[in-house]
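Report on the structure given below.
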Amino acid sequence: MRRTSATTHRAALGLALGVLAPVALSACGNGKTDPDLVAGKQLFVQKCGACHQLDRADTKGVSGPDLDEAFRQALADGMGRNSIEGMVAEQIRHPARLGEGQRGKGEVVMPADLVEGESVTDVAAYVGQVVAKGGEDTGLLAEAVKKAGAGKPVAAKDGKLVIPADPTGQLAYQAASATAPAGPIEVESPNESGTPHDIVIDGVGKGEVVQNGGISKFNGTLDAGKTYTFYCSVPGHRQAGMEGKVTVK
Ligand code: HEC
């Protein structure tokens, strides 16, 4: 992953210096309002965090490069945060141009236009401000996103166990632990977010991958006295923390 980032990053740097400077200049002169960093952080968590690690946003995706890692060296070499902002905005608008070197290896590709219009600037400004910075967000930014997975344990009711995915797109379920009786069970995981997820319990069942209001579900049987692990099988999501325990009582 480290090498992938560095390669992408060098391509991005060339592009930023060659193409982005004039764009950035004209954007300054047209009297636009300052970017909304709170909205930028919220959108980053919703739209980008499932694939990218960014410590300040507490996102843990692993399908794309770790962004702190990707820009740390450039910052150390004296690149300004405004230039990084420009590069991030360019990556959002034209991911293909920066990703050319990584194509055709069967890896995840970053979709274009995950956010649009002024939101591009908001997200890029937030990332530019906090990337590789250490410490924690403060003030309004600290409260911009509710921490995922902090919900209470859930209990099965009427033969059904419902464990929703985090609605903001973070890599977590709304509960990390659950209880259920032994016997037949219907497991459901509604997912309001745009980040694809499923729910799986090895040896019991596996739901479909869903997003945008879909419900991943399966029927299975739980054995008395056992503790099972439920998790999301979308690559990278379980490693980022999308799992929990079901205790059978
Ligand atoms: C589906 C996964 C996925 C999502 C969602 C995603 N990215 Fe990416 N991103 C990638 C991958 C894979 C790469 C590296 C290859 C490429 O450029 O396509 C990448 C590369 C990048 C880079 C370049 C990093 C470097 O090493 O130079 C930046 C910056 C970036 N993404 C920002 C974002 C932002 C901001 C969002 C949200 C608007 C986002 N990404 C959403 C997968 C994703």
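The values are calculated or read from the model by the stated rules, or taken from the named source; none is laboratory data. This structure is a prediction, so every number in the text was calculated from the model and none was measured. FYI the Cβ positions are ideal-geometry reconstructions off the backbone, even for glycines, and counts take in every protein chain you see. Only protein heavy atoms, including side chains, enter the accessible area calculation; ligands, DNA and RNA are left aside. Shrake-Rupley method; radii C 1.70, N 1.55, O 1.52, S 1.80 Å.
Listed values, structure above:
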quantity: Tabulated pairs, region 61-90, first farther than 24 Å from G241 by Cβ, second assigned to a loop (DSSP other than H, G, I, E, B) and of a type in the set (G, A, S), C-beta under 7 angstrom, 6+ apart or interchain; calculated: L75/A132
quantity: Residue within region 88-97 that is modelled with pLDDT of 95 or more, open to solvent by less than 60 Å² (accessible area, probe 1.4 Å) and more than 9 Å from the ligand (Cβ to nearest atom) present; calculated: no
quantity: Check on T4, buried (at least 18 other Cβ atoms within 10 Å of the Cβ), β-branched (V, I, T) and modelled with pLDDT under 95; calculated: no
quantity: Members of region 120-134 found to be more than 10 Å from the ligand (Cβ to nearest atom) and outside any helix (DSSP H, G or I), listed by number; calculated: A132, K133, G134
quantity: Residue list for region 135-148, restricted to those being part of a loop (DSSP other than H, G, I, E, B) and surrounded by 16 or more Cβ atoms within 10 Å (Cβ to Cβ); calculated: D137, A144, V145, A148
quantity: Members of region 157-179 that are surrounded by fewer than 20 Cβ atoms within 10 Å (Cβ to Cβ) and over 20 Å from V45 (Cβ atoms); calculated: K157, D158, G159, K160, V162, S177, T179
